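No lab work stands behind these numbers, since they all come straight from the coordinates. None of the values given here were measured: they were computed from a predicted structure. Backbone-built Cβ (ideal geometry, glycine too); neighbour counts: all protein chains shown.
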Amino acid sequence: MEQKVIIYTQETCPPCFAEKEWLKSNNISFEERDIRKNSQYMNEVIGYGASATPVTVIIKDGSQEVVMGFKQEELQSILAID
């Protein structure tokens with residue numbers, strides 16, 4: 001099972017930092033996209049209907065899940081973390 005995790009963040013976002021640390025502690029690799037450093041990333045977040053970070057996009061088995069905010073239980077379920 002191949003999966004890709006993308007997390008949209010910004011430097012002044014405590015939940016973004018907490019989620020990144022949580023992902024690292026669970027050995028989940030991810031691509032970070034800072035919406036303040038790249039306007040394309042900001043447009044992508046807006047396209048998902050989000051108005052705040054973090055926004056996490058998980059692509060696996062050909063499907064895509066989007067999680068708005070740091071929702072640990074939802075992420076655990078999608079990423080199959082015990």
Quiz item: Identify, please: which residue in segment 45-82 is of a type in the set (Ser, Thr, Tyr), out of contact with any Cys (no Cβ under 7 Å at 6 or more places or on another chain) and outside any strand (DSSP E or B) and is, among those, nearest to residue 13 (Cα to Cα)?
Solution: 51
Practice problem: Please state which one of 46, 78, 7 is among the hydrophobic types (A, V, I, L, M, F, W, C) and touching a helix residue (DSSP H, G or I) at 6+ places or on another chain (Cβ under 7 Å). | Solution: 7
Exercise. Considering (1) over 19 Å from residue 81 (Cβ atoms); (2) loosely packed, with under 12 Cβ neighbours inside 10 Å; (3) not hydroxyl-bearing (Ser, Thr, Tyr), say which one residue 13 fails and leave the rest.
Key: (2)
Exercise. Go through segment 16-31 residue by residue and tally those that are out of contact with any helix residue (DSSP H, G or I) (no Cβ under 7 Å at 6 or more places or on another chain) and closer than 16 Å to residue 66 by Cα.
Key: 5
Quiz item: Limited to segment 1-44, what total is found for residues that are of a type in the set (Ser, Thr, Tyr) and part of a loop (DSSP other than H, G, I, E, B)?
Solution: 2
Practice problem: Considering each residue of segment 31-44, count those that are under 16 Å from residue 13 (Cβ atoms) and free of Cβ contacts under 8 Å to residues at least 24 places away in the same chain, and give that number. | Solution: 3
